Every structure is written in C-alpha cells, then in structure tokens.
Amino acid sequence: MRVLVLSVLTSLFLCLQPGCSVSPIGSVAANNGSLKEPSSVRLTCSNDKSYSTQEVRKSDRIRDLLCEAGGRIDQKQTHRIKYHKLHSTNRYAVVGGRIGIHGSRYPVVLDTGASQPIFLNAKHVLNNKLPIYSVKDSTLDLNGHKLGLCHLPELQIGDITLADWTCLYFEPRVTARLFGVPIATKASNDNTIIVGLPVLREFKYIIFDNVAKEVEFSRNESFEVGEADLWEKYPLSIEEDFHGNTFLFVLISIAGEQTELQLDTGSGRGLAIGEALWERVRAKIHVPNLKKGKDFYPYIGRLACRRGVVAKLEVGGRTVRKAEISIFPNDSPLLLECEGLVGMQYFQNTVAVLDFERNLMWVKNRRY
C-alpha cells in the first residue's frame, strides 16, 4: 500500500519529522460524524519551544516551527505476532493493534511503502477522541482527502508500544457539492491504521513469516541467520527526498535483470513497473496476454496500466509462480521515485527478513 506524498504537501510533511508532539487544550468533538478542532492547540517541539494554533497558522515557514525527533517505541522482548485475518485475502503485512491500553482494536498495516510514520483516518480520531491540529490550507489534500495532524498517545501492537507520535490523519473525502457547499462523507468504514517506514526502520529487524503467518519484531537483538545457505540476501537502502519522505529500495534481479525496486510490504500485489524497465525485461518474460486495466492505490486512486500473469518468473534466486505484473506509463505518479515496486505476492509461502541493522533483505530458499 504505497502512500505517495505529492510535492504540494511539502510544507506539511517537512514538519512531520519525528519529535514534535501535539499538545491540546480541549478535546476532539464528534458532531454528526464531523471533526471539530479544540479551541486551543499547542505544538511542542524537542527544543522546548511551544507554538499556538494561531502562531502556526500565521507562519509561512511551518517547517521552521516543528523540529526534529519525537515518538517513542517500547518493546519488552523480541516476539512474534500472528497476522490479522485481512492477510488471507489481501496478502499484505497486517497485524492487530489497539489504541490505548483499553481502547479499540484495529488492523495495522506494516507498510514500507508509506513514507511517513503513522497514518490514521477520521474514524480513529473520532472514536478515540484524539487531539488534533487541522491544517486549514485547502491545497493540502491527497486525491480529495483533506489532511490534518493528530497526536496518538499510544498504539499497542503485541508487547510493542508506539507512544506520543504525531500522525497524519485523513478527513472524510468530499464527494459532492450542494448549492456550491462541499458535502463530506461520514468517517470511512476503513478502520486500517498504517505504520510506515520511519517507524519500521527503528527495529533492528522485522521477519515476515508468510509460512507461519506471523511477524517478528526486534528492537534490541540482531537477526541470527543460522544456516546461511538456506537464504538469499539482497542489499537494502533507504533514501529520503527533498520533501522529507523516506523510501525503501531492494537491489534484486527480475528475470536476470538487476534492478532497484521500492519494496512495498503494504501491497499484496506482485510487480508494478514502468515502460522503461519493461522494455529491458520483456524479451525474458512471457506474458500470454497483457490487458488494459486500472490498479487501485489508496489515496492516489485508480491508475491506468497493462496487467498480466507470468507462469514462472525468476526473482532473485527464486522462482515465483503465477507472478502478477502491472506495467505503468513512465510518468505515472506511482513511479516518481523509482522504476518499479515489488509487493508481498512475490514472497508468499516463504520467509522474508528486513535486516535494518545490516541493510539487507534475507529471503528463505523456499520455491513454490
């Protein structure tokens, strides 16, 4: 589930670096399913400066008001968590989580394709009365979703606690106008929380065991490879763009062609590439029929592509059967930062490890 951040959001997302928190005076109010900002909200940064709602709105340099570092990750010990039931149908990496110790439970997508720490929606904010700072600039939207900031006091995932993170939340999409007045939908029925790369990279390693249907996190221990000949390994790199968005890339061969792809654990699809990369590999890949279609990416929309299924595709040192492939125009918004994306469909029935300590991706030699 790649959450693409467009350049129009520069000033908002530059300010969302880990460290600043949203400290409200007041609370979120639910009024017929709508969000109401507290009368006074102060944004507090790690340099001990504090800014009122009015000061932030008046500033044309929001990035200078919000500083570095924030949010805390606590883990008692390395342990495993069962996949949420959504994994069986969607194939992406998803577990269960809870907002607060006794709060509501939600699916939590572990999404390396999301470039900011945590994404919520209006439903999470309303149901859990989370303090918010609503960005009033009408240009700050993503495919019709108005964006705001909220403070997440605590998200529990197994024995892991994500505490005091400043999150993005998506307000209800405006779907129509009545006599020129926007009519917003009620809070989305989608109750998924997205935990993005800036949080995930803080662990020494994360194991996606798609055989046992479990995820293993380790904050303090290193990944033990064991029998090295049972594993393939591929270099990982994390890059940051001008807007402060982070991207995870893996250097891996597709049909013998070495390429760097964005790794998207929040996607259950296979390979999404541009026409340029397709021209380099098409002679080595037999796709019976490429059909025109549109692939849906949350908060981006339905993007035109050509789709097909490869009976057997060599990916690194493994053979993936019934490998899904989608080919997009080179100027597709999906490909602004890369030549292509690879999702979790290519790592089903095996074990994949993101070893952030060594900057490696380990994939077990299990053919299917």
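On inspection, N330 passes the criterion of being assigned to a loop (DSSP other than H, G, I, E, B), over 22 Å from the mean Cα position of the chain (by Cα), touching a residue at least 12 places away in the same chain (Cβ under 8 Å) and on the phi < 0 side of the Ramachandran plot.
For (1) surrounded by 19 or more Cβ atoms within 10 Å (Cβ to Cβ); (2) at pLDDT 95 or above; (3) more than 17 Å from F347 (Cβ to Cβ), each residue gets a yes or a no:
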| position | (1), (2), (3) |
| --- | --- |
| Y205 | yes, yes, no |
| N220 | no, no, yes |
| D229 | no, no, yes |
| P235 | no, yes, no |
| V250 | yes, yes, no |
| I254 | yes, no, no |
| L263 | yes, yes, no |
| L313 | yes, no, no |
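Can you say whether V320 is closer than 30 Å to D229 by Cβ, surrounded by 16 or more Cβ atoms within 10 Å (Cβ to Cβ) and free of Cβ contacts under 8 Å to residues at least 40 places away in the same chain, as far as the supplied structure shows? It is false that V320 is closer than 30 Å to D229 by Cβ, surrounded by 16 or more Cβ atoms within 10 Å (Cβ to Cβ) and free of Cβ contacts under 8 Å to residues at least 40 places away in the same chain. Only one entry in V281, V225 is surrounded by 14 or more Cβ atoms within 10 Å (Cβ to Cβ) and assigned to a loop (DSSP other than H, G, I, E, B), namely V225. For region 352-360, the condition holds for at least one residue, the condition being that it is under 18 Å from the mean Cα position of the chain (by Cα), open to solvent by 20 Å² or more (accessible area, probe 1.4 Å) and on the phi < 0 side of the Ramachandran plot.
Once region 323-340 is narrowed to residues that are open to solvent by less than 70 Å² (accessible area, probe 1.4 Å) and over 17 Å from E260 (Cα atoms), the residue that is modelled with the lowest pLDDT is P333.
Any residue at all in region 291-305 that is part of a loop (DSSP other than H, G, I, E, B) and either open to solvent by 60 Å² or more (accessible area, probe 1.4 Å) or of a type outside the set (F, W, Y) (or both)? Yes, the conditions are met somewhere in region 291-305. Of the residues in region 82-100, not one is among the basic types (K, R), more than 22 Å from A212 (Cα to Cα) and at pLDDT below 90. Here are some residues: P172, P153. Which one is at pLDDT 55 or above, more than 16 Å from P198 (Cβ to Cβ), assigned to a loop (DSSP other than H, G, I, E, B) and not charged (D, E, K, R)? On inspection, the qualifying residue turns out to be P172.
For (1) under 25 Å from the mean Cα position of the chain (by Cα); (2) acidic (D, E), each residue gets a yes or a no:
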{"position": "T265", "(1), (2)": "yes, no"}
{"position": "G268", "(1), (2)": "yes, no"}
{"position": "E275", "(1), (2)": "yes, yes"}
{"position": "W278", "(1), (2)": "no, no"}
{"position": "V281", "(1), (2)": "no, no"}
{"position": "H286", "(1), (2)": "no, no"}
{"position": "F296", "(1), (2)": "yes, no"}
{"position": "A304", "(1), (2)": "yes, no"}
{"position": "R307", "(1), (2)": "yes, no"}
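Taken over region 203-234, the criterion of being touching a helix residue (DSSP H, G or I) at 6+ places or on another chain (Cβ under 8 Å) and at positive phi is satisfied by K213 alone. I'd like to know if region 286-301 contains one or more residues that are of a type in the set (A, V, I, L, M, F, W, C), in contact (Cβ under 8 Å) with a residue 12 or more places away in the chain and within 30 Å of A212 (Cβ to Cβ). Within region 286-301, none of the residues are of a type in the set (A, V, I, L, M, F, W, C), in contact (Cβ under 8 Å) with a residue 12 or more places away in the chain and within 30 Å of A212 (Cβ to Cβ).
The values are calculated or read from the model by the stated rules, or taken from the named source; none is laboratory data. Here the structure is a predicted model, which means the values were calculated and not measured. Positions of Cβ are generated from backbone atoms using ideal geometry, with glycine treated the same way; all protein chains shown enter the neighbour counts. Ligands, DNA and RNA are excluded from the accessible area calculation, which covers all protein heavy atoms including side chains. Shrake-Rupley method; radii C 1.70, N 1.55, O 1.52, S 1.80 Å.
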